[in-house]
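See structure below.
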Amino acid sequence: MENNKSLIVANWKMNKTIATTKGFVNDFLTLVDKEQSLSDVVICPPLTMYQYIAKLPFKFGAQDCSSLSSNEGSFTGDISALMLKDIGYEYVIIGHSERRKNYGENKDLLKSKISNAHANGLIAIFCIGENLEQRENGSYFEVLSKQLDESLPASVNPENTIVAYEPIWAIGTGKSANEKQIEEIHTFIASRIKNKVLYGGSVNSKNAKEILATNNVSGLLIGGASLDAQEFNKIINIRG
Ligand code: PGA
C-alpha cells in the first residue's frame, strides 16, 4: 500500500500446474511495462505454485490460513499465518464465500483466522457478500453488517485489514454487480469502517475501468480474469 494506485489482488483459487504457471510468468514478463511499480499488485496462488512465481515483481498472498492459535504443532493439513509470513507472503484472503460454503467456515473461525493474520504481521483480505436470495429479498445490508460485526476482531485497523465485497451471485458468473450496486455497498461499508474495500465478482478488462472509478472502491479482487497473463496485464494497466 505504498502509493495511491488501486490495489489489484489476483485470487488464483485451485488453478494452475507447474507448466501453466511457468507459461503465465513468461507471458507476463514479456508484456509488462518494466518501468512501472507493481507493489500494489498481489497474487494469491495455490501454495504449491509460489516458488514458480516468486520472481514476478508482485506482492504475494495466501488464500487461507489456519484458525488455530498455535503457529506450529500437530495440526495435519494446516498452514499457519507465521509460516506464510516466513516465506515472504504479506497478505492472506480470509472468509472467501467458496470456503464458507465448501467447509462451513463460520464467524468465530474466521475471527480466529483474522486474529492470527494480524498477530503475524499479515494483511487480512476479509471477504463478505450476500447471496442471490438475500440480494433479491433486500436483506443484504443486514447480512453484510452482520458479517463485519461478527468476524472482525478488536485488532482490526486500516493497515492490517482490507475488506473485499464479493456478491456471491457475481462470483464466476460473468455477471458483475453494476456500478450503482457497487457504489451503494461500498459507501455503506465506508460509513462503518475506515479500511480499504475491494470489489470482486466477474471483474475483467472490459468492466475494470468503470468499477475502479466508482466511489469508495479501493481496488479489485479478481478470480478468473487473473489466470491469463494478457488479460491480467490489461487490468493492471487500466489504473494508469
Ligand atoms: P471471479 O472470482 O473474478 O472469477 O468472479 C472472484 C473471486 O472469487 O474472488
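Quick notes
- Heavy atoms of Arg135 accessible to a 1.4 Å probe, total area in Å² rounded to 10: 30
- In order along the range 126-138, the Karplus-derived 3J(HN,Hα) couplings, from 6.51 cos²θ - 1.76 cosθ + 1.60 at θ = phi - 60°, round to 9, 8, 10, x, 9, 8, 4, 4, 5, 5, 6, 8, x Hz, and Gly and Pro are given as x.
- Whole-angstrom gap from the range 45-63 to the range 66-142, using each part's C-alpha centre: 18
- A cut-off under 14 angstrom between Cβ atoms defines the neighbours of Lys180, and their net charge, with Lys, Arg +1 and Asp, Glu -1, is -3.
- Per-residue SASA entry for Thr214, accessible area with 1.4 Å probe, Å² rounded to 10: 10
- 222 nm mean residue ellipticity, helices alone, for the chain (DSSP H n ≥ 4; -39,500 (n - 2.57); rounded to 500): -10500 deg cm²/dmol
- The mean sequence separation of alpha-carbon pairs under 8 Å and at least six residues apart, normalised by the residue count of the chain, gives a relative contact order of 20 percent.
- Magnitude of the charge dipole for the range 116-240, about its Cα centre and with charges confined to Cβ atoms of Lys, Arg (+1) and Asp, Glu (-1), is about 380 debye.
- Qualifying lysines (Cα of each under 25 Å from Cα of Lys101; at least 8 residues distant if same chain): Lys13, Lys16, Lys111, Lys113, Lys146, Lys175, Lys196
- Relative contact order of the range 149-240, pairs being alpha-carbon contacts under 8 Å that are 6 or more residues apart, as %: 28
- Net dipole in debye of the chain [+1 Lys, Arg Cβ; -1 Asp, Glu Cβ; about Cα centre; nearest 20]: 280
- Accessible-area value, Lys113, 1.4 Å probe, nucleic acids and ligands omitted, Å²: 10
The values are calculated or read from the model by the stated rules, or taken from the named source; none is laboratory data. Just so it is clear, the structure is predicted and the values come from calculations on it, not from any experiment. Cβ sites come from the backbone with ideal geometry, for glycine too, and all protein chains shown count toward neighbours. Areas reflect the complete protein model, heavy atoms only, side chains present, ligands, DNA and RNA absent. Shrake-Rupley method; radii C 1.70, N 1.55, O 1.52, S 1.80 Å.
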